[in-house]
Amino acid sequence: MPRSALAVRAHRIVDATPARVMPVRLVNGHVHCLALLAITELGVVMLCVYGAVLARFSGTFSAFQATMGPIWPRALLIAGVILLGLAAMGLYQLRHRARFTGIVARLLIAVLMAEGALGLIFYLAPALFVGRGVLGLAGIFAVSGLALTRFVFLQVVDEDIFKRRVLVWGAGAIAATIAKRLRRRTDQRGLKIVGHVRAPGDAAGVPDHHVLQFDGDLLRLVMRHKVEEIVVAMDDRRCGFPAEELLECRLRGIPVYDVLAFLERETGRVSVELMQSSWLIFSNGFRCDIARLASKRLFDVVASIAVLLAASPLAFLTAIAIFLEDRGPILYRQIRMGQNGREFPMLKFRSMRIDAEPNGQAIWASRNDPRITRVGVWLRRLRIDELPQVLNVLVGQMSFVGPRPERPAFVQELTRAIPYYPERHFVKPGITGWAQVRYSYGSSNRDAQEKLEYDLYYVKHHSFAFDLMVLLQTVEIVLLRIGSR
């Protein structure tokens, strides 16, 4: 189509914008129903605090305000801490697959955690105290109110008003990866694939009943199906790439995404199978400025000192338990690959037998590994064996958040088997990481590739806020013993 045809065709569609659906969107579609859920739950918990005051003070606010002060700042504080507890238990993940009973259990744990944290806050700042009765009643009311809110949310979250309507330009092998990566119903809570358009050169990949009839007018097709986004997933872009058609849609305000960028946004991982070096070169992210490096290091130092002080009694008891079981060494030093390929001795509490690796040969850990000691079973379940790595963080060999460091022998093997594996070493390794909170424990090359995709996503997008989110979600991993071996 010649470029002059864009203006000629523009008058044939009176106005494309009003014809499109206007679902709930904030921040370019990245925060939608979860933002409304968080705001709603903030209000629910604040109402629960007011309800607790009424129940405790015989149906009047004046008696509480006369002795304690205004209610709303305390209610906001309590609600904020409880919402942090919900985030720590993974309850603000759109693709959460837990059943409703599992969600209620997480709600209960989150509120109990928040009550403990609030007790510490009130001890340090007595002026904010609301009384044990009000705090206890607020917690009970909050569990009930949040459970009801979550039940309603689960009923409406799959409604189309919360979903972006997506058209895929392509119906071949590459387009089929979208259905493969977003195969579960929970994976598609934020979007709805309205159909595919078969592009020239596409191999057989998408079933025919998912392919839309296309008459050569992409904009009209987009308007007919109320499409909000277009994803380009052609098998061969040299065969009839629809530059003018896509430009026309883009000028109408309809975003156009490459399939790799689309899957990265929706899955929180970078597809190694589809990725090319040019995509890494031209894509955004990969922050390495002085402000980011300084803030990350400052957080690591302050947090590691705080953890060492707080966890010293637990570390002392752990050391005694390890020594009493077999009189062996307490700490285990294992050479791992760090930032920029530098090797360092990573510290752990010993959780395996002394002869776990004869001749120093690296062996993958397995489920129910017989080499694990009786004390080591609990150390691994509670993640206490990782505690000495705080010393690695303090001296700068590791960070609190980053890709988990691997052993050099495994790195060499995985580098030969998996493309782009060395790129994960451009940031410091971490005690926890994005792959750890999104993927269970892996002990094979296939698992390593899956985790690499999450690690590359972290390398590309790491930030202070991202680190805090990973640390919060790590709480769920530790408490529910997800992925530990």
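So here's what we get for this one:
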{"item": "Conditions (1) touching an Asp or Glu at 6+ places or on another chain (Cβ under 7 Å); (2) farther than 25 Å from residue 352 by Cβ; (3) open to solvent by 10 Å² or more (accessible area, probe 1.4 Å): number failed by residue 416", "result": "(1)"}
{"item": "Unique match (being touching a residue at least 12 places away in the same chain (Cβ under 8 Å) and either open to solvent by 60 Å² or more (accessible area, probe 1.4 Å) or closer than 25 Å to residue 434 by Cβ (or both)) among 323, 282, 299, 316", "result": "299"}
{"item": "Filter pass, residue 261 being open to solvent by 10 Å² or more (accessible area, probe 1.4 Å), touching a helix residue (DSSP H, G or I) at 6+ places or on another chain (Cβ under 7 Å) and among the small types (Gly, Ala, Ser)", "result": "no"}
{"item": "Residue in the range 181-188 that is of a type in the set (Val, Ile, Thr) and touching a His at 6+ places or on another chain (Cβ under 6 Å) present", "result": "no"}
{"item": "Subset of the range 66-93 (residues that are modelled with pLDDT of 90 or more, farther than 21 Å from residue 120 by Cβ and part of a helix (DSSP H, G or I))", "result": "72"}
{"item": "Residue in the range 94-138 that is most open to solvent (accessible area, probe 1.4 Å), counting only those that are under 23 Å from residue 64 (Cβ atoms) and outside any helix (DSSP H, G or I)", "result": "129"}
{"item": "Matching residues, the range 200-230, being at pLDDT 85 or above, in a loop (DSSP other than H, G, I, E, B) and hydrophobic (A, V, I, L, M, F, W, C)", "result": "206, 212, 214, 227"}
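Condition check ((1) within 26 Å of residue 49 (Cβ to Cβ); (2) modelled with pLDDT under 95; (3) among the basic types (Lys, Arg)) across all residues:
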residue: 100; (1), (2), (3): yes, yes, no
residue: 125; (1), (2), (3): yes, yes, no
residue: 146; (1), (2), (3): yes, no, no
residue: 171; (1), (2), (3): no, yes, no
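The values are calculated or read from the model by the stated rules, or taken from the named source; none is laboratory data. Only a predicted model underlies this, so the values are computations on that prediction, with no experimental measurement involved. Neighbour counts are summed over all protein chains in view; Cβ atoms, including those assigned to glycine, are modelled from backbone coordinates with ideal geometry. In case anyone asks, the SASA skips ligands and DNA or RNA and just uses the protein heavy atoms, side chains included. Shrake-Rupley method; radii C 1.70, N 1.55, O 1.52, S 1.80 Å.
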